[in-house]
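Each remark here refers to the structure printed beneath this line.
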2 protein chains.
Amino acid sequence: MRADARRNYERLVVAAREVFAQEGGGASMEAIARRAGVGVGTLYRHFPNRIDLVEAVYRTDVDNLVHTAEQVSADLEPWPAAVAFLEAFVRYAQGKRTFLNELREAFDKNPDLRVDMMDRIRQAMELVVGRAQRAGVMRTDVDGSDLMQLVGPMCTNATLSVDQSKRLLDTILDGLHKEP
Amino acid sequence: MRADARRNYERLVVAAREVFAQEGGGASMEAIARRAGVGVGTLYRHFPNRIDLVEAVYRTDVDNLVHTAEQVSADLEPWPAAVAFLEAFVRYAQGKRTFLNELREAFDKNPDLRVDMMDRIRQAMELVVGRAQRAGVMRTDVDGSDLMQLVGPMCTNATLSVDQSKRLLDTILDGLHKEP
DNA sequence: TGCTAAACGGAAGGACCCTCCGTATAATAA
DNA sequence: TTATTATACGGAGGGTCCTTCCGTTTAGCA
């Protein structure tokens, strides 16, 4: 892959995320190409159709979330790491709302995508949760999958405000926390 | 409303339901107008935009479901009536899947639609459920809302087969049934 | 039967997805 | 450094779709 091709690929994914966030999942391919500073031809060479672009944006969202899990595990104490990761997870899940319909199409077209991404997230969740549990600062009768099922759908709900999600996450965190 | 206008309105709703079922929620307005035997101009006079047509189709689906509740309550014994209604409810909920994305848009645009329709369905459900419970043929520790929450999301799930839904409904019915 | 408000049909405007191909450029070798 | 070429770029344009507009038709009524 040539240097300019790689640069444009990355620009396009960044631009797509921004435009989706700003204009919703129905944003036009022209708008995304314009924001990335390339022509639509370039966009379509990298992403043969709209749904492939959605998939790429989603994959990098998951990459970032997994990376956050590794980062907080390395940098922070077990409990603060868990808090930071769950906050990142809420942001991730809420971010999906801007292009939720398109994401559903992507899942329909390629069912493995859903399975693979859920699995990666579950592993990231368990990295953080397991560490907190072994350190004795988190109750041990829930696991990563449970937390995904609890927090994920809550955030995907279109009628949930940012404030609400903060308060609900605080409540959940209080319920999870345990003095060592 | 002139006679031809009313006739075309009804034809359009019927045609839309058929075309959505056949081609999915993304079906074109031209295809729907053609199926109804009218021009697109006529379609747009009755339904100023796509989402209004989706809403109309959905409203008649709910009308039919409510009507079924009244019908079975009048015609059948309490338990057979409950079985018949729950089967109709499953068909209704599965029917939504063909234009689920569009329906979500309609709910976003007009939140009252969701609330109103849920309420009508809940009432219909409770008409049938309450009667069966008073007749002593249905356990009394669940109500109409519970059954909606139990059965509805199950049917909306895209990965559920018709066979599965039949078996699951049978299971639920067995759990609900009580000898008088 | 004649009148008119209401309804009809479909051409056309505008937006969008995607393709195609002539042009430009990064990478490489002389 | 320069020439070569595979690779990538840009954007006009084809095709489809939603929606608007307006000339034509018709139902309902006096």
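The values are calculated or read from the model by the stated rules, or taken from the named source; none is laboratory data. Source: prediction; values computed, not measured. Counting neighbours? That spans all protein chains shown, and the Cβs are built from the backbone with ideal geometry, glycine included.
Just a few scattered comments:
- Within segment B:49-56, one or more residues are of a type outside the set (Phe, Trp, Tyr) and either free of Cβ contacts under 8 Å to residues at least 40 places away in the same chain or exposed (fewer than 14 other Cβ atoms within 10 Å of the Cβ) (or both).
- Pairs are defined by a Cβ separation below 7 Å, a sequence spacing of at least 6 or placement on different chains, a first member in segment A:151-180 that is more than 17 Å from A:Ala132 (Cα to Cα), and a second member that is basic (Lys, Arg); the pairs so defined are A:Thr156/A:Lys96; A:Thr156/A:Arg97; A:Ala158/A:Arg97.
- Test: residue in segment B:19-28 that is farther than 23 Å from B:Met118 by Cα, more than 8 Å from DNA strand C (Cβ to nearest atom), not in a loop (DSSP other than H, G, I, E, B) and not aliphatic (A, V, I, L, M): yes
- Residue, modelled with the highest pLDDT, within segment A:102-143, restricted to residues that are within 24 Å of A:Ala27 (Cα to Cα) and touching a Lys or Arg at 6+ places or on another chain (Cβ under 7 Å): A:Leu103
- In this structure, A:Arg91 qualifies as away from chain B (no Cβ under 14 Å) and within 23 Å of A:Val57 (Cα to Cα).
- When segment A:13-23 is filtered for residues that are over 18 Å from the mean Cα position of the chain (by Cα) and closer than 10 Å to A:His46 by Cβ, nothing remains.
- Verdict on A:Gly41 being in a loop (DSSP other than H, G, I, E, B) and surrounded by fewer than 20 Cβ atoms within 10 Å (Cβ to Cβ): no
- Number of positions in segment B:62-81 that are among the hydroxyl-bearing types (Ser, Thr, Tyr) and under 23 Å from B:Val14 (Cα atoms): 1
- Comparison of A:Arg120, A:Arg114 shows that the only residue that is surrounded by fewer than 18 Cβ atoms within 10 Å (Cβ to Cβ), within 14 Å of another protein chain (Cβ to nearest Cβ) and part of a helix (DSSP H, G or I) is A:Arg114.
- Taken over segment A:5-58, residues that are among the charged types (D, E, K, R), closer than 25 Å to A:Pro111 by Cα and within 14 Å of DNA strand D (Cβ to nearest atom) amount to 3.
- Checked against (1) away from chain B (no Cβ under 14 Å); (2) of a type outside the set (Gly, Ala, Ser); (3) surrounded by 14 or more Cβ atoms within 10 Å (Cβ to Cβ); (4) farther than 17 Å from A:Trp79 by Cβ, A:Arg104 meets all criteria but (1).
- Any hit, segment B:165-178, residues being in a helix (DSSP H, G or I) and within 14 Å of chain A (Cβ to nearest Cβ): no
- For segment B:125-147, the count of residues that are within 14 Å of chain A (Cβ to nearest Cβ) and either under 18 Å from B:Asn64 (Cα atoms) or assigned to a helix (DSSP H, G or I) (or both) is zero.
- B:Arg2 passes every criterion in (1) over 27 Å from B:Pro111 (Cβ atoms); (2) modelled with pLDDT of 95 or more apart from (2).
- Within segment A:151-164, the set of residues being within 14 Å of chain B (Cβ to nearest Cβ) and in a helix (DSSP H, G or I) comprises A:Pro153, A:Thr156.
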